[in-house]
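For reference, the structure discussed in these notes is given below.
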Amino acid sequence: GSAGAGGGAGGGGGDDTITMGFAQVGAESGWRTANTKSIQEAAEAAGIELKFSDAQQRQENQIKAIRSYVQQKVDVIAFSPVVETGWDPVLLEAKRANIPVILTDRAIDSEDTSLYKTFLGSDFVEEGKKAGKWLVENTTGPQRVVELQGNTGAAPAIDRKKGFEEEIGARDDIEIVASQPGDFTRAGGKQVMEAFLRSTPNIDVVYAHNDDMGLGAIEAIKAAGKVPGKDIKIITVDAVKAGMEALAKGEINFIVECNPLLGEQLMELAEKVVAGEEVPTRVVTEEGTFTSEQAKAALPDRKY
Ligand code: GZL
């Protein structure tokens, strides 16, 4: 047989069908679900054959998936790195196999920028700044803040913290009095908020790195007999439907949007990269912010 001939630049599909291996973080949040749906629908629309894996938020599973895509000789590999570090070895394997890599959603901190062609995703420091700016401009008097962090070592967790702290530095009466990882999940946010409510007196504000943890915190705050959005203000990031509904109800006070709809841009970048065309090394996604009134107006048109 001519199996050897088929092992060229890319396997799978007809001659010119692009095969993409995508190693997703997991299914931990509403944002992730919307992100996965966008990628799968965009691949379908672009006629790109998609091999997809869910790592359940474990880096070793993502590394295994990337390694398997190299062995399958896909035309291009894309992934959202669950944490920033530890990728160089497996990305070197992809490089040696001449398989281009695209980072989506989250960044890696590798010094070797030849390991990937481009990074398509949000500016998480900006997101943190927007959250901090709202707090600085919309509160007066001392604010004791508890922070629900994303999973330890993740780019959005590191950078949303960084941007928020930079902005609240403008006021010396705003202080982060407790900060723990809630792993971007509703359950994680609830558990950490329950612990904060037991251990930390006089909490004024919750800053949650995503809506899901903010929604978990709302459950804990209600169980403690307090009113979310009033007794304790809540600021979150993402703007997924459940978060926007809580914002419209006034249980969350402000949401910084993080756009999960990266599928179309990813497929366009993949086609260029496979064709050997130049692509920008960084593509920043467009996104805004929402107050309660803006959420009420936006909800009917939201796609996720
Ligand atoms: C951000 C993304 C984060 C979302 C969370 O781009 O990596 O991961 O904010 C998701 O909801 O879990």
Taking r as the C-beta separation of Glu219 and Glu111 and R0 as 51 Å, the FRET efficiency to the nearest 0.05 is 0.75
Carbon plus sulfur, as percent of the 1.4 Å-probe accessible area of the stretch 183-304, comes to 49 percent
Quick note, the chain: a/c under 1.5 would make it rounded; otherwise a/b > b/c is prolate and the rest oblate (a ≥ b ≥ c, C-alpha gyration tensor); here it is prolate
Lys pairs in the stretch 209-304 with Cα under 23 Å (8 or more apart in sequence, or on separate chains) total 17
So the FRET efficiency between Thr17 and Lys37, C-beta based with R0 = 22 Å and rounded to 0.05, is 0.50
Around Pro142 (Cβ within 10 Å, Cβ-to-Cβ, excluding Pro142; K/R +1, D/E -1) the net charge comes to -2
Once Tyr207, Tyr304 are ranked on solvent-accessible area with the largest value leading and a 1.4 Å probe, the list reads Tyr304, Tyr207
If each part is reduced to its alpha-carbon centroid, the stretch 274-300 and the stretch 174-205 end up apart, in Å, by 28 Å
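Give the percent of DSSP beta bridges with both residues in the chain that are antiparallel, rounded to the nearest 5.
Within the chain, antiparallel bridges account for around 5 percent of the total.
Work out the length of the dipole vector of the chain about its Cα centre, built from +1 on the beta-carbon of each Lys and Arg and -1 on the beta-carbon of each Asp and Glu, and round it to the nearest 20 debye. Walk me through the numbers on the way to the answer.
Numbers: 33 positive and 48 negative charges, 166 e Å.
Rounded to the nearest 20 debye, it is 800 debye.
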Relative contact order as a percentage, the stretch 147-262, C-alpha pairs under 8 Å and 6+ apart, gives 23 percent
For the chain the mean separation of alpha carbon contacts under 8 Å (6+ apart) over residue count, i.e. relative contact order in percent, is 17 percent
Karplus ³J(HN,Hα) for the stretch 214-231 (6.51 cos²θ - 1.76 cosθ + 1.60, θ = phi - 60°; Hz, whole; x = Gly/Pro) runs x, 5, x, 5, 4, 4, 5, 5, 5, 4, 8, x, 10, 9, x, x, 10, 4
Within the stretch 203-290, the percent of DSSP beta bridges that are antiparallel, given to the nearest 5, stands at 20 percent
Measuring from its Cα centre, the stretch 37-145 shows a charge dipole (+1 at each Lys and Arg Cβ, -1 at each Asp and Glu Cβ) which, in debye to the nearest 20, is 160 debye
Rounded to whole Å², per residue accessible area for the chain with a 1.4 Å probe reads 43 Å²
For the stretch 238-245, in residue order, the Karplus 3J(HN,Hα) values (coefficients 6.51, -1.76, 1.60; θ = phi - 60°; whole Hz; Gly and Pro = x) are 2, 6, 7, 3, 4, x, 5, 5
Expressed in angstrom, Rg and Dmax over the Cα atoms of the stretch 138-198 are 12.3, 33
Across Val192, Val284, Val146, the residue with the highest GNM fluctuation in the chain (Cα network, 10 Å cutoff) is Val284
GNM on the chain, Cα springs under 10 Å; top mean-square fluctuation among Ala242, Ala223, Ala78 goes to Ala223
In the stretch 1-153 the DSSP beta bridges are antiparallel at a rate, in percent to nearest 5, of 0 percent
Dipole check, the chain, charges on Cβ (K,R +1; D,E -1), about Cα centroid: among Pro142, Leu197, Ser122 the Cα furthest to the positive pole belongs to Leu197
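The values are calculated or read from the model by the stated rules, or taken from the named source; none is laboratory data. From a predicted model like this one, the values you see are computed outputs, not experimental measurements. A quick note on method: Cβ atoms are made from the backbone with ideal geometry, for glycine too, and the neighbour counts reach across all protein chains shown. Note: accessible area is taken over every heavy atom of the protein model, side chains too, but ligands, DNA and RNA are not part of it. Shrake-Rupley method; radii C 1.70, N 1.55, O 1.52, S 1.80 Å.
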